[in-house]
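Written out below as structure tokens is the structure these notes cover.
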Amino acid sequence: MVLTYIGKRLLMMIPLLIGITLISFVVIHLAPGEPTDLQTDLNPEASLELREKLRAQYGLDRPLHIQYVDWVARIARLDFGESFALDHRPVTEKIVERLPVTISINLFSILAILVFSVPIGIVSAIRQNSLFDRSATVFVFLGFAMPSFWLALILMDYLGVRLGLFPISGLRSFGYEYMSSARQVLDLAHHLVLPVFVSAFGGLAGFSRYMRSNMLEVIRQDFILTARAKGLSERTVILKHALRNALLPVITILGLSVPGLIGGSVIFETIFAIPGMGKLFYDGVMMRDYPLIMGNLVFVAVLTLLGNLIADISYALADPRIRNE
């Protein structure tokens, strides 16, 4: 039953991925400017003939639908082409170098969101209208209202520049290669504190509020009253009976939040100069590097769809009614 459910979800991902790539491909090519402009605009000796030769070299002189079909055919062979940058390195090679960094930061962010938002939501629901609940509400409003780039700049200024508690750029300190393995791990963790906090802050505020709302709804259900009437301890009632049901909507929202987390990587990776996919995507957009941009979008789309798939599977495992339907 579960395998059938997973198979259906995988089949549904195929048209979604095709639609995402089609829309992205058209939008990128409709944007003003081309990769050849960066090589010819600042060159006074660049003639019209040279521009056309460069466009032919990159395949930009062909109709847009032909370019898309050829690109999809290469993607089917897992060939993302070569970057338009001066190094002309394969796009796959560039992405594979940066992908672990972005995935690690997002996994740490998701873990931090779950570890902190679930207890905050539970305590806020159990102690409704208490000082803790009101303080958490203020925290939520701050989290929703504060732009991530502004928070990153504030933390860099106070905790990085003024107090010197955390590094403000990169992932490694000077002399990293000469450190012991334990020191290298600590150095990486030290560099990741601020980026992970910025990435998780908004999600932490939102998920704690979702958890509180779900828990308030669940603890008022009849089966919770029955569990308490049986003489079960409050800890058992909350953690064993209420928590599992309250987590179901949170699992779905967590899967839907994956695109936001990955998209936010462009902001904080650029600000903190972290060599991840977000920074790579930003550099590709600035250089109008079409193969690199589309390669990034495909990888992000696949990760997003996989995140939603994991959320659906988790939801189905937690609630048998979903997989039966």
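Among the candidates Arg209, Arg228, which residue alone is free of Cβ contacts under 8 Å to residues at least 60 places away in the same chain and assigned to a helix (DSSP H, G or I)?
Unique residue meeting the criteria: Arg228.
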Count, please, the residues in the range 65-119 that happen to be over 25 Å from the mean Cα position of the chain (by Cα) and farther than 19 Å from Gly284 by Cβ.
6
Between a first residue in the range 132-152 that is under 14 Å from Arg209 (Cα atoms) and a second residue that is surrounded by fewer than 16 Cβ atoms within 10 Å (Cβ to Cβ), which pairs have beta carbons less than 8 Å apart while being 6 or more apart in sequence or on different chains?
Asp133/Arg127
Quick check, is Leu292 assigned to a helix (DSSP H, G or I) and modelled with pLDDT under 80?
no
Taking the range 275-290 as the search range and keeping residues that are surrounded by 22 or more Cβ atoms within 10 Å (Cβ to Cβ) and not charged (D, E, K, R), which one is farthest from Gly7 (Cα to Cα)?
Gly284
Checking the structure you have, find out if any residue of the range 241-260 is surrounded by 20 or more Cβ atoms within 10 Å (Cβ to Cβ), within 12 Å of the chain's Cα centre (by Cα), within 27 Å of Pro90 (Cβ to Cβ) and at pLDDT below 80.
yes
Give the residue that is most open to solvent (accessible area, probe 1.4 Å), with candidates limited to residues of the range 178-192 that are hydrophobic (A, V, I, L, M, F, W, C) and in contact (Cβ under 8 Å) with a residue 12 or more places away in the chain.
Leu188
Among the residues in the range 24-40, are any open to solvent by 30 Å² or more (accessible area, probe 1.4 Å) and modelled with pLDDT of 80 or more?
yes
For the range 118-131, name all the residues that are free of Cβ contacts under 8 Å to residues at least 24 places away in the same chain and surrounded by 16 or more Cβ atoms within 10 Å (Cβ to Cβ).
Val123
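For Glu82, are the conditions met, namely being acidic (Asp, Glu), in contact with a strand residue (DSSP E or B) (Cβ under 8 Å, 6 or more places away or on another chain) and open to solvent by 40 Å² or more (accessible area, probe 1.4 Å)?
yes
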I'm trying to understand the selection: among the residues of the range 139-177, which are open to solvent by 30 Å² or more (accessible area, probe 1.4 Å), modelled with pLDDT under 85 and under 21 Å from Leu204 (Cβ atoms)?
Phe139, Phe141, Leu142, Phe144, Ala145, Met146, Pro147, Ser148, Phe149
Quick check on Val115: is it surrounded by fewer than 14 Cβ atoms within 10 Å (Cβ to Cβ), farther than 20 Å from Gly206 by Cα and not polar (S, T, N, Q)?
no
Gly264 being of a type outside the set (Val, Ile, Thr), assigned to a helix (DSSP H, G or I) and either within 18 Å of Phe201 (Cα to Cα) or modelled with pLDDT under 75 (or both):
yes
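The values are calculated or read from the model by the stated rules, or taken from the named source; none is laboratory data. Bear in mind the structure is a predicted one, so any value in this text is a computation, not a measurement. Cβ atoms come from the backbone with ideal geometry, glycine included; neighbour counts cover every protein chain shown. Surface areas here come from the heavy atoms of the whole protein model, side chains and all, with no ligands, DNA or RNA. Shrake-Rupley method; radii C 1.70, N 1.55, O 1.52, S 1.80 Å.
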